[in-house]
Amino acid sequence: MSFRIVIAEDEDITRKHLLYALKKEGYEVVGTKNGREALEEIGRGHFDVLITDVKMPEMSGIELLEEVKEKYPPMEVLVITGFGSIDSAVEAMKKGAYEYITKPFNLDELIMKVRNLHERKLLKSENVALKAFYGMDKGVSVIARSESMLDIMGIIENIRDSESAVLLTGESGTGKTLLAKTIHFTSRRRNMPFLSVNCGTHPEELLRAQLFGDEVCVQAAAPKGKKTLFEVADSGSLFLNEIDELPPSLQSRMLRVIEGGGLPQTDGNSPVRTNVRYIAAAGRDLKRLIKDGLFAEDLYYRLNVIEIFVPPLRERKEDIEPLSVYFLERHRANGRRAIRGFTQEVKDILGNYSFPGNVRELENIIERAVMLEKEELITPDSLPRSIKLFQIETYHPDRMVTLEELTKDYTEKVLGIVGGNKARAARVLGISEIDLWRILKEKRSDA
């Protein structure tokens, strides 16, 4: 990611020297003649650092610093002050400047200060987004500011040399898939394959063919001779997402593969030996499923050597703001939008919302807002109506809605979160499919 700098300096020769030296270092740099021009430039695009002279016509460096810190708090500011004007430098530091340098200055010294700022920004990012690797670009970011998520990252760090199976539990959308990738790409198997299969989205026949390569399924689902997922994941990790949705008919076969360390052949030949690390994720309570006879107890204990519970977003509210900023950065880049942040009202709304769809829902909300927002800060008008309805409306009698309206909006939201799967939506809501159908029918008739 590029590191962008804007310079506010009224002396032409100084400005030109700064531009030349910083561009030579590989930074993206824009030069302006005064504070007003600098603010206009900042308003047109994202910048990481402002370098400003203290004494300038129209707007002083101190005034510019105050404006920037009020409107763009993440920006770092380096102040240039004349020799003997240390009082101005002290004032700037009190108002939020990161560093100062006095004229006449050594360009090497200034470049070193900019490098320090760059490294500081990278370190701050890594404190919030702990990076691992996956896929072609191997870029994974796990937002971990809350105590519970920091504890999870600590566990993952502690098991990086382990070969034991890991079971990730928690509600849908909490980030279990991302953590599975983090476990693999911080382990000794990081340079080997990471394969993922969702046990809840594939038809049973296709899932059987992908996992076990049954001859009866070959023509319909997998070409003859094609390797199974166990074979492709050999020496790497196989992530069994939504293991709680694995059909009972396949659970015993899965157990035999895990216990035997190899894949039985349908023709009676010797098993194909595989060396796979298993990472599984479940959104439902597996112990309850075992009690109800829907999940094999032996398979549960094979997969649950190390269990990591991922709490819902509503229980780790410290992560909401950094996650929101992270998603804003991602989607404003994709949409080429100049949105810089959130109004305080939006921060309050997001901070008080329960997020039934967890992190996945938050990302959807931010992506939608980026596409709709016309201002430089995201406002409540760009948030879904259902989120605003969940605010405490007793303080706004003119905006109060009925319980029936809330029920309809919430039901539709949950249905969207689970991808339109009515059976799963009914389970999440704790109602029957008939009741779900009735609520949706009433909503359509009202529309």
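Here ASP409 meets each of (1) assigned to a loop (DSSP other than H, G, I, E, B); (2) modelled with pLDDT under 85 with one exception, condition (1). Would you please list the contacts, defined by Cβ atoms under 8 Å and residues six or more apart or on different chains, that run from a residue in the stretch 196-208 that is assigned by TED's automatic domain parsing to the domain that holds LEU168 to a residue that is aromatic (Phe, Trp, Tyr) and assigned to a strand (DSSP E or B)? From residues that are assigned by TED's automatic domain parsing to the domain that holds LEU168, the pairs are SER196/PHE239; VAL197/PHE239.
Filter the stretch 312-321 down to the residues that are surrounded by fewer than 21 Cβ atoms within 10 Å (Cβ to Cβ) and either closer than 25 Å to LEU406 by Cα or of a type in the set (A, V, I, L, M) (or both) and list them by number. So that I can check it myself, show each step before the final result.
Pass one, the stretch 312-321, residues surrounded by fewer than 21 Cβ atoms within 10 Å (Cβ to Cβ): 312, 314-315, 317-318, 321.
Across the stretch 312-321, the qualifying residues are PRO312, ARG314, GLU315, LYS317.
Set side by side, the residues TYR278, TYR300, TYR326 differ, and just one is at pLDDT 95 or above and part of a helix (DSSP H, G or I), which is TYR300. LYS131 falls short on exactly one of the conditions (1) within 21 Å of GLU318 (Cβ to Cβ); (2) modelled with pLDDT of 90 or more, and that condition is (2).
Here LEU19 meets the list (1) crowded, with 22+ Cβ neighbours inside 10 Å; (2) of a type in the set (A, V, I, L, M); (3) within 21 Å of HIS118 (Cβ to Cβ) almost entirely, failing just condition (1).
Condition check ((1) out of contact with any Cys (no Cβ under 7 Å at 6 or more places or on another chain); (2) aliphatic (A, V, I, L, M); (3) crowded, with 19+ Cβ neighbours inside 10 Å; (4) under 27 Å from LEU415 (Cα atoms)) across all residues:
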| residue | (1), (2), (3), (4) |
| --- | --- |
| GLU297 | yes, no, no, no |
| PHE309 | yes, no, no, yes |
| LEU323 | yes, yes, yes, yes |
| VAL346 | yes, yes, yes, yes |
| ASN352 | yes, no, no, yes |
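Among the residues making up the stretch 1-27, a single one is of a type outside the set (Val, Ile, Thr), assigned to a strand (DSSP E or B) and modelled with pLDDT of 90 or more: ALA8.
When the stretch 88-114 is limited to residues that are in contact (Cβ under 8 Å) with a residue 12 or more places away in the chain and among the charged types (D, E, K, R), the one that is nearest to LYS69 (Cα to Cα) turns out to be LYS95. A search for C-beta distances below 9 Å between a residue of the stretch 233-262 that is more than 26 Å from GLY175 (Cα to Cα) and any residue that is of a type in the set (Ser, Thr, Tyr) and not in a helix (DSSP H, G or I), counting only pairs 6+ apart in sequence or on different chains, returns VAL257/THR274; GLY261/THR274; GLY262/SER270; GLY262/THR274.
For the stretch 56-84, a tally of residues being surrounded by fewer than 16 Cβ atoms within 10 Å (Cβ to Cβ) and part of a loop (DSSP other than H, G, I, E, B) returns 6.
When TYR301 is tested against (1) in the same structural domain as VAL142 (by TED's automatic domain parsing); (2) in contact with a strand residue (DSSP E or B) (Cβ under 6 Å, 6 or more places away or on another chain); (3) farther than 18 Å from ALA180 by Cβ, only condition (2) is not met.
The values are calculated or read from the model by the stated rules, or taken from the named source; none is laboratory data. Model, not experiment: these values are computed from the prediction. Cβ coordinates were reconstructed from backbone atoms using ideal geometry, including for glycine residues, and neighbour counts include every protein chain displayed.
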